[in-house]
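The values are calculated or read from the model by the stated rules, or taken from the named source; none is laboratory data. Bear in mind that the values here come from a model prediction, so they are computed numbers and not experimental data. Don't worry about glycine lacking a Cβ; one is built from the backbone with ideal geometry, like all the others, and counts go over all protein chains shown.
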């Protein structure tokens, strides 16, 4: 995150203010809020946000934050929570329409941003890079039953709070006296497979996937390379739109292949394959990292195989490179920087 006390408007801030809505990545929210606070005049401004930590808004008059809400949380705590989000979408409203419905806060944006930067730094020092605040963890019940006799009360109490629904920021507080110990236990549980990440922020998953990608030459199928490629595939994650496009592409390729061969219509087979690959390219273009298609060619060339492998995994087939790939992905996510 950039220094919240910087006074020179950066190009990124100008770009954010040029749009009334858009997407945010880690740290950009602080940039945006700082830019709004530095605007001349006293015109009301409301910044509405939707992130993995909830929906909320921050209202400003000049450089003062006069209201903030995130779910049921209001005041400065809501502003700090929103600033901890790794990604999300925003919308800016100006003028009378942005006037705060209630004035539940009166704090300089400069101070709130400084406290947010300090809180984020403390979280990273305690939790590490692979357990950001929005991570949701759940317990593997089967492993828990087998390991229960070897766990102490502290571990069982911590595991009881991991239901896969609450973000980690609601499970462990950095101001807790034993926060360092709790984060250490959580990393240990993830490494042992006792706990798994149900929802990992996209920024972290993509960073981990890119690290795996850079370690693999394109299409260099050395021993266990398919497992690493599959790990990268599942770490990138898929939006509902991309999943639909990929499913349509694979279904088209398979159906036209069988129909074309069965009926001797090679035009149907060739046309179906070409249309299927075109859809797969389109699917890559709507991802958050479309450049992977060019930097890692097997991401596209192996797409039908990877999609079928993921479908088989959902049906309970978890052998071979599928199981090894999931293990690699889990270990990559649980490692700390």
In the stretch 139-160, how many residues are in contact with a strand residue (DSSP E or B) (Cβ under 9 Å, 6 or more places away or on another chain) and free of Cβ contacts under 8 Å to residues at least 40 places away in the same chain?
2
Exactly one condition in (1) crowded, with 17+ Cβ neighbours inside 10 Å; (2) under 20 Å from residue 79 (Cβ atoms) is false for residue 185; which is it?
(2)
Within the stretch 162-183, take every residue that is in a helix (DSSP H, G or I) and free of Cβ contacts under 8 Å to residues at least 60 places away in the same chain and give me the one that is farthest from the chain's Cα centre (by Cα).
181
Of the residues that sit in the stretch 239-279 and are without any contact (Cβ under 8 Å) to a residue 24 or more places away in the chain and within 22 Å of the chain's Cα centre (by Cα), which one is surrounded by the fewest Cβ atoms within 10 Å (Cβ to Cβ)?
240
Taking residue 161 as meeting all but one of (1) exposed (fewer than 15 other Cβ atoms within 10 Å of the Cβ); (2) at pLDDT 85 or above; (3) farther than 14 Å from residue 196 by Cα, write down the number of the exception.
(3)
Among strands (runs of 3 or more DSSP E) entirely within the stretch 1-114, at least 3 residues that are modelled with pLDDT under 80 occur in 21-24
I'd like to know if the stretch 39-51 contains one or more residues that are in contact with a helix residue (DSSP H, G or I) (Cβ under 8 Å, 6 or more places away or on another chain), buried (at least 19 other Cβ atoms within 10 Å of the Cβ) and more than 17 Å from residue 105 (Cβ to Cβ).
yes
Considering only the stretch 280-303, state which residues are modelled with pLDDT of 75 or more, buried (at least 18 other Cβ atoms within 10 Å of the Cβ) and assigned to a helix (DSSP H, G or I).
280, 303
Could you say whether any residue in the stretch 153-161 is out of contact with any helix residue (DSSP H, G or I) (no Cβ under 7 Å at 6 or more places or on another chain), assigned to a loop (DSSP other than H, G, I, E, B) and either more than 28 Å from residue 80 (Cα to Cα) or not assigned by TED's automatic domain parsing to the domain that holds residue 326 (or both)?
yes
May I ask you to say which residue of 129, 107 is surrounded by fewer than 17 Cβ atoms within 10 Å (Cβ to Cβ) and in contact (Cβ under 8 Å) with a residue 60 or more places away in the chain?
129
